[in-house]
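Report on the following structure.
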Amino acid sequence: MVINTFLLSDFTDPRFRAAFQAYFSEIDVSVKDWDGLFREMNEEGNNLAYVLLDEEENLLGFLQFQMTGFSNWFFEESFGFIREFWVHPAHRRQGYGSMLLSMAEHYLAEHGAHRAVLTADDALDFYLVRGYKKAPGIRAKNKMEVLVRSLSQY
């Protein structure tokens with residue numbers, strides 16, 4: 001199967017919109033103003049997403065991420081934040097999730113991130129197998145489990 005990979009920074013792109021709307025539909029989240037939501041993502045300015053489509057332009061999945069950082073008066077660290085991550089139910093357990101995660105991790109490492117951070121409410125084993133560790137010292141505002149992975153291997 002031929003896989004088309006797109007790195008996007010414009011969240012009004014129809015490929016991202018379709019992926020994100022399918023994801024929110026699956027998790028039963030309704031949005032009143034889709035255009036406004038995608039405009040906000042663009043206005044943040046540091047969001048990126050990989051979108052996977054097959055050769056017939058069928059959606060396989062997406063992963064939205066951003067470079068961010070921690071800074072105080074003495075320390076500074078750049079890290080990557082995996083924001084949203086979804087694989088179409090018909091294409092799960094076929095390696096597309098691992099592919100998306102790996103692409104984002106490579107991008108982040110190449111752009112100066114030393115760690116990747118994400119939250120998870122399901123698929124915890126997926127992340128643990130891929131080298132993520134629970135980060136009990138970090139709390140997420142959404143109350144989900146926080147996981148961290150070093151990107152030093154890239």
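Annotations
- Within region 122-154, considering residues that are basic (Lys, Arg) and within 15 Å of Ser98 (Cα to Cα), the one least open to solvent (accessible area, probe 1.4 Å): Arg149
- If you go through region 48-85 and keep only what is open to solvent by 10 Å² or more (accessible area, probe 1.4 Å) and among the aromatic types (Phe, Trp, Tyr), you end up with Tyr50, Phe70, Trp73, Phe74, Phe75, Phe79, Phe81, Phe85.
- In summary, Gly36 fulfils each of the numbered conditions (1) open to solvent by less than 30 Å² (accessible area, probe 1.4 Å); (2) touching a Gly at 6+ places or on another chain (Cβ under 8 Å); (3) free of Cβ contacts under 8 Å to residues at least 40 places away in the same chain with the single exception of condition (2).
The values are calculated or read from the model by the stated rules, or taken from the named source; none is laboratory data. Keep in mind it's a predicted model, so treat the numbers as computed, not measured. As a convention, Cβ positions derive from the backbone with ideal geometry for all residues, glycine included, and neighbour counts pool all protein chains shown. Only protein heavy atoms, including side chains, enter the accessible area calculation; ligands, DNA and RNA are left aside. Shrake-Rupley method; radii C 1.70, N 1.55, O 1.52, S 1.80 Å.
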